[in-house]
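The values are calculated or read from the model by the stated rules, or taken from the named source; none is laboratory data. Just so we're clear, the structure is a prediction, and the values are computed from it rather than from any experiment. For neighbour counting, all protein chains shown are included, and Cβ atoms are generated from backbone atoms with ideal geometry for every residue, glycine included. To get the accessible areas, we keep the full protein, side chains included, count just its heavy atoms, and leave off ligands, DNA and RNA. Shrake-Rupley method; radii C 1.70, N 1.55, O 1.52, S 1.80 Å.
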Amino acid sequence: MAAAPQAPGRGSVRKTRPLTVKTSLNNPYAICWSALEREHMHFILQTLEDRFKSLGLRKIEDKKKKRKQFLKKPSPDRCGTEVEKGEGPKEKPPEGSEQGSGWTPVDVRKQLAIGINEVTRALERNGLLLVLVCRSAKPAILTSHLIQLSLSRAVPACQVPRLSERLAPVIGLKCVLALGFKKTTTAFDAEVRAIIPRVPSLHVPWLQGRPEDSGASLDTASSESRDREILDTSFEDLSKQKRKLVGSQQAVVLQPLKIKKLIPNPSKIRKPPKGKKTTSK
C-alpha cells in the first residue's frame, strides 16, 4: 500500500515587526549667553557681595523647628499620665530673646527676585531691571529660556560665573542660580546702574538688538506731538516711511526646523515568553 501523504509542517516563520521611529522637530537656532569679561565678573561679584553684607540681608532658619519635625508625637496614654501627675506646660521664652525664621530685612527681600522660577515670573510681568544667571546651572536648559524673555522685555541679562558660590553663603542659601533686581528697588539702585553698562548684549536671530525702555526715554509731551504729526500726514506718506524702515533694517533669515528621527533601543533583544522554557540538550 502506498504511504499516506504527510501533513505539511505547522511551524510558521516569525515575522519581524517594523521598528518604531519617533520624529521630533528641534530648534535650528543655537541660542547661548554672551561671554562676560573677567574684569566685569569680579566687579559684579564684589559689588553685590559688599552690598549684601552692608544691608545684612540673610535668610535665618530655625533649627529647633527642623528637629521637632523628626521627633515622634507623644501617645495619648503618655499625655494622660502627664496631666495626672500635674505637669503644666513649659514657660515660653520671651519674644525678644529668639529671632524668628525668615528674611531679616523683609523690605529689602521684596526688591529682589531670587531663583529661576521667581525670576521667570517677574520677567513675564515685566518687573525687572537686571537679571544675573549663574553659570553652574545644569542642565543649561534650566536658564536658556531667560535669554528670549530678557531680550523681549528689554532687560539686560548675563551669565556670571561663580555667582552662586560667592553670594549664596552671604545670603544664607544653598545656591543662587538666578538673581533679578525689581524696578521698585531702592536699596540696589546705585549697584544696578554700575552693573548694567558692563553687561554684554544678548543676540537672538528673530529679535534685532535690544530696544531701549520707551517709558524712561520718552516724555508724554513728545508722544502727544508725534501722534498729532501722524494724524496730519496722509496714508501715502506713512506707507513710504514704512518702506524706508523695512529697507533699512537687516533681513532676518529664517531657517527650517531640524527633523530628527529617533529609534528607541534599536538593538533590543526580545525575551522568550514565560510559559515556554528552553530545554538543555
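Identify, from the list 111, 148, the residue that is open to solvent by 10 Å² or more (accessible area, probe 1.4 Å), over 22 Å from residue 51 (Cα atoms) and either at pLDDT 95 or above or not aliphatic (A, V, I, L, M) (or both).
On the way: 111 fails: over 22 Å from residue 51 (Cα atoms).
Result: 148 is the single residue among 111, 148 that is open to solvent by 10 Å² or more (accessible area, probe 1.4 Å), over 22 Å from residue 51 (Cα atoms) and either at pLDDT 95 or above or not aliphatic (A, V, I, L, M) (or both).
Which of the residues belonging to segment 158-188 are closer than 19 Å to residue 37 by Cβ and without any contact (Cβ under 8 Å) to a residue 60 or more places away in the chain?
165, the sole residue that qualifies.
Output the qualifying pairs, or none if there are none: Cβ atoms under 6 angstrom, residues six or more apart or on different chains, first residue in segment 30-59 and surrounded by 14 or more Cβ atoms within 10 Å (Cβ to Cβ), second residue of a type in the set (S, T, N, Q).
Qualifying pairs under 6 Å: 33/159; 58/104.
Considering only segment 98-107, I want to know if a residue exists there that is at negative phi, at pLDDT below 55 and open to solvent by 60 Å² or more (accessible area, probe 1.4 Å). Steps first, please.
Narrowing segment 98-107 to residues at negative phi: 98-101, 103-107.
Those left that are additionally at pLDDT below 55: 98-99.
Filter again for open to solvent by 60 Å² or more (accessible area, probe 1.4 Å), leaving 98-99.
Checked segment 98-107: at least one residue is at negative phi, at pLDDT below 55 and open to solvent by 60 Å² or more (accessible area, probe 1.4 Å).
So, restricting to strands (runs of 3 or more DSSP E) that lie completely within segment 124-215, which ones have at least 2 residues that are farther than 23 Å from residue 56 by Cα and within 15 Å of the chain's Cα centre (by Cα)?
157-160
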